[in-house]
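Right, one structure below, let's go through it.
Bear in mind these aren't lab numbers, they're just calculated from the coordinates by the rules spelled out. Treat the numbers as computed from the prediction; the structure is a model and nothing was measured. No Cβ is skipped: glycine too gets one built from the backbone with ideal geometry, and neighbour counts run over all protein chains shown.
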Amino acid sequence: MRGYFGIGIDGASKSGNMGNLIRTAHAFGASFAFAVNPKVEVHSGEFVTKPFTDTSKSHQQIPFYNYATAAEVDVPQGCKLVGIEFTEEAIDLPSFKHPNQAVYVLGGERTSLSEEMQARCSQIIKIPTKFCLNVATAGAIVMYDRHRVLGRYPERPVMTGQTPEKRAAHVHGGTRSRLAERQAKLEAEQQKALSSDAAAKPSE
C-alpha cells in the first residue's frame, strides 16, 4: 500500500482508549500515533497517555507523541490533516477519498474536536451512525476503511455467495531513457531535413 498515515486523539482523557487506538493503529500499519492536550491524572500528576492499556506494547513498536496544543501537531510536508467529528459539514466516511499521506485526529472522549484543531484540518469526516461512537472504535473504523479503499483488494461480487475475482497483477512499465529519447528525436529531425532537401532538388 502506498503512502502512510498517523492517528491521534485531541483531548485524550482515558488511557484505555488511547491504548486501544494505538494497538489498532499498529495492526493497520500506522507510521505513528499521538495525543493532544492529554488529561493529567490527579493522583499521579502523569499524563493518561503514560500507562498504556495495551498488552502488545504497540507504543514500543511505532512512535508516539504528546503535544500540548493543536498548533504543535507536526504534520509532514505534503500530508493532509483529517479531522473525525460529527458536524453538519463533515463528509460521510463511505464517500471520502483518503489521501495517500494523512494524519487523522479524533475528538476526545468527553470533548469534541477543538476549534483550533478543526481550523487546522484540510477536511472533516464523520462516520454515519445514529450517535457518537467510542473514540477508539471510531478510529478503528476509519483505519479499516482506509485499508479497504487503498489496499488494492478485489471488488466485492455482485451476488451474495460469489467468489471475488482476483485483481489483475500490476504491470510495470519498461525502463525509460531520456538520452535515448533525445537521440531518437534528433535522428527523426535529421531524417526529416534530408527528406525535405531531397524533395526540393529539381529532378534531372
- Query: Quick one: if the Förster radius is 45 Å, what FRET efficiency do I91 and L179 give, using the C-beta to C-beta distance and rounding to 0.05?
  - Reply: 0.45
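Tell me, what is the FRET efficiency for D74 and F131 to the nearest 0.05, using R0 = 45 angstrom and their Cβ-Cβ distance as r?
The value I calculate is 0.85.
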- Take the Cα of I62, step 7 Å along the line toward its Cβ, and report every residue of the stretch 119-152 whose backbone nitrogen sits under 19 Å from that point. 125, 134-152
- Ordering of 12-25, 108-121 by packing [mean C-beta count within 10 Å, highest first]: 12-25, 108-121
- Note on the structure: Given 76-87, 136-147, the highest-first ranking by average Cβ count within 10 Å works out to 136-147, 76-87
- Item | Estimated inter-spin distance, V171 and E189, nm [label 7 Å along Cα→Cβ] | 3.3 nm
- Query: Among [x] 24, 21, 15; [y] 35, 17, 14; [z] 52, 22, 17, which is the computed semi-axes √(5λ) of the Cα gyration tensor in Å?
  - Reply: [z]
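What size of dipole, in debye to the nearest 20, comes out for the chain about its Cα centre when the only charges are +1 on Lys and Arg C-beta atoms and -1 on Asp and Glu C-beta atoms?
I would put it at about 660 debye.
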- Item | the chain: Lys pairs at Cα distance under 25 angstrom, eight or more positions apart or on different chains | 15
- Item | Helix-only CD estimate at 222 nm, as mean residue ellipticity for the chain, using -39500 (n - 2.57) per DSSP H run (n ≥ 4) | -9000 deg cm²/dmol
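Express as a percent, rounded to the nearest 5, the fraction of DSSP beta bridges in the chain (both residues included) that run antiparallel.
Working: 1 of 27 bridges.
DSSP beta bridges in the chain are roughly 5 percent antiparallel.
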- Query: How do 127-135, 153-161 rank on mean C-beta neighbours within 10 Å, highest first?
  - Reply: 127-135, 153-161
